[in-house]
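Below: one structure, written as structure tokens.
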Amino acid sequence: MVLKLFLTLLLLFHTSNAFVVQENHPPPSFPRPHYTGKALVAHINSMQTSWIAEHNDISEDEMKFKVMDQRFADPLEEEVQDEGLVRGEVVPEPLPDTFDARDQWPDCKSLKFIRNQASCGSCWAFGAAEVISDRVCIQSNGTQQPIISAEDILSCCGSTCGKGCQGGYTIEAMKYWMNSGVVTGGDYNGAGCMPYSFPPCKKSPCVEFSTPSCKTTCQEKYTTADYKNDKHFATSAYKLSTTKNAVPTIQYEIYHNGPVEASYRVFEDFYQYKSGVYHHVSGNLVGGHAVKIIGWGTENGVDYWLVANSWGTSFGEKGFFKIRRGTNECQIESNIVAGLAKLGTHNEKTDDDDGSATSCSFIMCTLLVLSYYLF
């Protein structure tokens, strides 16, 4: 009896094991190789033909000095919800296949300038200053050509804009232009009321700069106007609605009003860009960045945005670069801001004043007076 019971239990044990389903484990995954330096350049050029990489000897720290904290590249939550700050979708219209603001408004010298933010994450202030300079010129038909100070925005907008050299919100820079005004000032040792404090780094290793303190006086050699009277203002500051039809919306804005400021994500491979239409191939995320979009086109069948960077003329195509259009590459189409200049406060530029404030011309003043009494 005991033997029979033992044999029965043994049979049941083997039967139950026969129905056990073996688990299928996926094959072990191996981390992707992390390329750096010349190996990264070789990898990029072997993987695609859209753009050409060229070795740029830059350390991880120096990469971070040139960009801002990623969170500043994303739209502010209140900015998204504030309908007064967002320009709606545009009515579709025929637009050229290729557009370059430098050709459209050839008299505006600022469109051709490439500036240098040095080792400070002030790209958000530079992009704003560049767009403001361009739009004042465009709206005034070239009679006003200020070179707007990035440092005034960087140092005086304060915590409302962000954290200075650590990054800032592009829409807040535009609002600062509208509410507080911005003065003139070029790059390091430049002309205007408040030029940039930091020299470009010409040899590695570069040192990171801290946010400069806010000054409310112009440099000593600038005698055209004092700080208060050198201010240029905007009538509006806004973000483009790009959740739908992003490409035509951005194109329409540039075509009618001039360049826009865009913020996006920067990866390690971007620092190796030399020419062509960039798209992310390899490398880790480094941070956020802000730039000026001045046009668009198609190269070798790839649609692109034409962009001015603020890393000096040694970067890319003499300071400019192209990036894929229509795919929201690196979030380049997600956060586009701009504004419209308030004309009349500052008037015609003379050849030697760097586009700063001057008294109005006889014709302009006469027109202003007549319009006041007639209308």
**Asked** Does Met178 satisfy the condition of being in a helix (DSSP H, G or I) and open to solvent by 30 Å² or more (accessible area, probe 1.4 Å)?
**Response** yes
**Complete:** Going through segment 57-79 in order, the residues found to be under 13 Å from Tyr271 (Cβ atoms) and crowded, with 16+ Cβ neighbours inside 10 Å are Ile58, Glu62, Met63, Lys64, Phe65, Lys66, Val67
**Asked** Of (1) touching a Cys at 6+ places or on another chain (Cβ under 9 Å); (2) of a type in the set (S, T, N, Q); (3) outside any strand (DSSP E or B), Ser263 satisfies all except one. Which?
**Response** (3)
**Message:** Which residue is nearest to Gly181 (Cα to Cα), if the candidates are limited to segment 308-343 and must be over 13 Å from the mean Cα position of the chain (by Cα) and among the hydrophobic types (A, V, I, L, M, F, W, C)?
**Reply:** Ala341
**Restricting segment 284-327 to residues that are in contact with a helix residue (DSSP H, G or I) (Cβ under 9 Å, 6 or more places away or on another chain) and among the basic types (Lys, Arg), the residue that is least open to solvent (accessible area, probe 1.4 Å)** = Lys292
**Request:** Among the residues of segment 141-156, write down those that are out of contact with any Lys or Arg (no Cβ under 8 Å at 6 or more places or on another chain), small (Gly, Ala, Ser) and surrounded by fewer than 23 Cβ atoms within 10 Å (Cβ to Cβ).
**Result:** Gly142
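If I filter segment 197-226 down to residues being of a type in the set (Phe, Trp, Tyr) and farther than 19 Å from Thr313 by Cα, which single residue comes out as least open to solvent (accessible area, probe 1.4 Å)? Give the steps one after another, and end with the answer.
Quick first cut of segment 197-226, residues of a type in the set (Phe, Trp, Tyr) only: 198, 209, 222.
Filter once more, so that each one left must be farther than 19 Å from Thr313 by Cα: 209, 222.
Details: Phe209: 57, Tyr222: 27 Å².
Per the stated criteria, the residue is Tyr222.
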**Request:** Please verify whether segment 157-170 includes one or more residues that are assigned to a loop (DSSP other than H, G, I, E, B), open to solvent by less than 30 Å² (accessible area, probe 1.4 Å) and within 27 Å of Tyr255 (Cα to Cα).
**Result:** no
**Message:** Out of everything in segment 299-343 that is in a loop (DSSP other than H, G, I, E, B) and among the β-branched types (Val, Ile, Thr), what residue ends up being farthest from Ala234 (Cα to Cα)?
**Reply:** Thr327
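Here are Val281, Val260, Val277: which of them is in contact with a Lys or Arg (Cβ under 7 Å, 6 or more places away or on another chain) and either open to solvent by 30 Å² or more (accessible area, probe 1.4 Å) or touching a residue at least 12 places away in the same chain (Cβ under 8 Å) (or both)?
Val277
If the requirement is being touching a His at 6+ places or on another chain (Cβ under 8 Å) and closer than 24 Å to Ser236 by Cβ, which of these qualifies: Thr184, Thr143?
Thr184
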**Item:** Members of segment 126-146 that are in a loop (DSSP other than H, G, I, E, B) and farther than 14 Å from Trp177 by Cβ
**Value:** Ser140, Asn141, Gly142, Thr143, Gln144, Gln145
**Message:** Tell me yes or no: at least one residue of segment 101-120 is open to solvent by less than 30 Å² (accessible area, probe 1.4 Å), farther than 24 Å from Thr313 by Cβ and of a type in the set (Ser, Thr, Tyr).
**Reply:** no
**Prompt:** Counting only residues that are assigned to a loop (DSSP other than H, G, I, E, B) and of a type in the set (A, V, I, L, M, F, W, C), which one in segment 28-68 is farthest from the chain's Cα centre (by Cα)?
**Reply:** Phe30
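The values are calculated or read from the model by the stated rules, or taken from the named source; none is laboratory data. Remember, predicted model here, so these are calculated numbers, not experimental data. Ideal geometry is used to build each Cβ from the backbone, glycine not excepted, and the neighbour counts take in all protein chains shown. For accessibility, only protein heavy atoms count, side chains too; no ligands or nucleic acids. Shrake-Rupley method; radii C 1.70, N 1.55, O 1.52, S 1.80 Å.
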